[in-house]
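To keep things clear, I will list the structure first and then write my remarks on it.
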Amino acid sequence: MDTRLELPARESAPRRRGLTMVIDPGLHTGRFADAVESVGQYVDLVKFGWCTALVTPDIKRKVDILHEAGIDFYLGGTLFERFAMSGMVDDWRALCRTMGATHVEVSNGTIPMSNAEKARWVARLAGEFTVVSEVGFKDQGRATTMTSAQWVDAIGEDLAAGATLVITEARESGRGGLCLPDGTPRADVVDDVLDGGFDVDRLLFEAPTTELQCFFIKRLGASVNLGNIRADDVIALETLRLGLRSDTMLCETL
């Protein structure tokens, strides 16, 4: 809707910054189609969460809906890890091809895989796909003990290996990875990551909660890349980005 209000500048799709990645946890296809029709203009990537792509009977219909809307998608990193755990990455790669995926996610948030090994997979896949990597652990114990230096090193290693975007883990709950058990972001780690010399437009922060979304918008502005957004929250997130909610209305970074 046109307005004379002065609002933060937002790129139009296809965006290079200010990306919104929506997680599909297994929505019924009718609801999925409605969501894409209603809010697709604000969505840049869709992640089929967990391993739902394997058990969704009409997953190809969902893919077709995204293709028609011009929205890229990828299968969640958990699916890569499940295939990797069984020594079947070639099968996973073939599945991605069959699905018509141009993007893939490579992660090691659950299985015992070093970041160096993960980065080698990033390098192998980067010639065929747009690779999105993920840094951080899902297990709260491992996540809490991951130091700032380890975060910075892992992100740098993945980018050097050919990752187009690096996601910082926060899970779909906002508890894990870069967050403490109560959902509070580890601000000291975030500061160290941002001081690491990376192009912030190549980082995507998982932020499924309003609290996390506000934290990153206040820290980095309207055009921060955010992910694990629920379809029902896309419009609400856009109002946060534009300073149209009390949470960010007085934000100096907008």
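Here are a few things to note about the model shown:
- Selection within region 32-71 - more than 16 Å from the chain's Cα centre (by Cα) and among the charged types (D, E, K, R): D34, E37, D58, K60, R61, K62, D64, E68
- Sole exception among (1) within 18 Å of P25 (Cα to Cα); (2) part of a loop (DSSP other than H, G, I, E, B) for F137, by number: (1)
- The residue list V122, V89, V132 contains one member that is open to solvent by less than 30 Å² (accessible area, probe 1.4 Å), in contact (Cβ under 8 Å) with a residue 40 or more places away in the chain and either over 22 Å from V190 (Cα atoms) or charged (D, E, K, R) (or both), which is V122.
- Residue satisfying all of: in region 163-204; over 14 Å from the mean Cα position of the chain (by Cα) and of a type in the set (D, E, K, R); modelled with the lowest pLDDT among these: R175
- Counting the residues of region 99-119 that are assigned to a helix (DSSP H, G or I) and either among the hydrophobic types (A, V, I, L, M, F, W, C) or open to solvent by 20 Å² or more (accessible area, probe 1.4 Å) (or both) gives 5.
- In this structure, G127 qualifies as open to solvent by 60 Å² or more (accessible area, probe 1.4 Å) and more than 18 Å from the chain's Cα centre (by Cα).
- When residues of region 30-49 are limited to those that are in contact with a strand residue (DSSP E or B) (Cβ under 7 Å, 6 or more places away or on another chain) and either open to solvent by less than 50 Å² (accessible area, probe 1.4 Å) or aliphatic (A, V, I, L, M) (or both), the one farthest from L165 (Cα to Cα): F32
- There is at least one residue in region 72-79 that is crowded, with 17+ Cβ neighbours inside 10 Å and farther than 26 Å from L237 by Cα.
- One residue stands out in region 1-22 among those that are without any contact (Cβ under 8 Å) to a residue 60 or more places away in the chain and touching a helix residue (DSSP H, G or I) at 6+ places or on another chain (Cβ under 9 Å): the one that is nearest to E134 (Cα to Cα), namely A13.
- Test for D153: is it among the charged types (D, E, K, R) and in contact with a helix residue (DSSP H, G or I) (Cβ under 7 Å, 6 or more places away or on another chain): no
- Of all residues in region 16-29 being closer than 15 Å to G76 by Cα and open to solvent by less than 30 Å² (accessible area, probe 1.4 Å), the one that is farthest from the chain's Cα centre (by Cα): D24
- Screening S86, S114, S133 for residues that are hydroxyl-bearing (S, T, Y) and touching an Asp or Glu at 6+ places or on another chain (Cβ under 7 Å) leaves exactly one candidate, S133.
- Pairs are defined by a Cβ separation below 8 Å, a sequence spacing of at least 6 or placement on different chains, a first member in region 23-39 that is under 14 Å from G49 (Cα atoms) and free of Cβ contacts under 8 Å to residues at least 60 places away in the same chain, and a second member that is in a helix (DSSP H, G or I) and open to solvent by less than 30 Å² (accessible area, probe 1.4 Å); the pairs so defined are G26/T52.
The values are calculated or read from the model by the stated rules, or taken from the named source; none is laboratory data. In this text, all values refer to a predicted model and were calculated from it rather than measured experimentally. Quick reminder, even Gly has a Cβ in these numbers, built from the backbone with ideal geometry, and neighbours come from all protein chains shown. Surface accessibility is based on the protein's heavy atoms, side chains included, excluding ligands, DNA and RNA. Shrake-Rupley method; radii C 1.70, N 1.55, O 1.52, S 1.80 Å.
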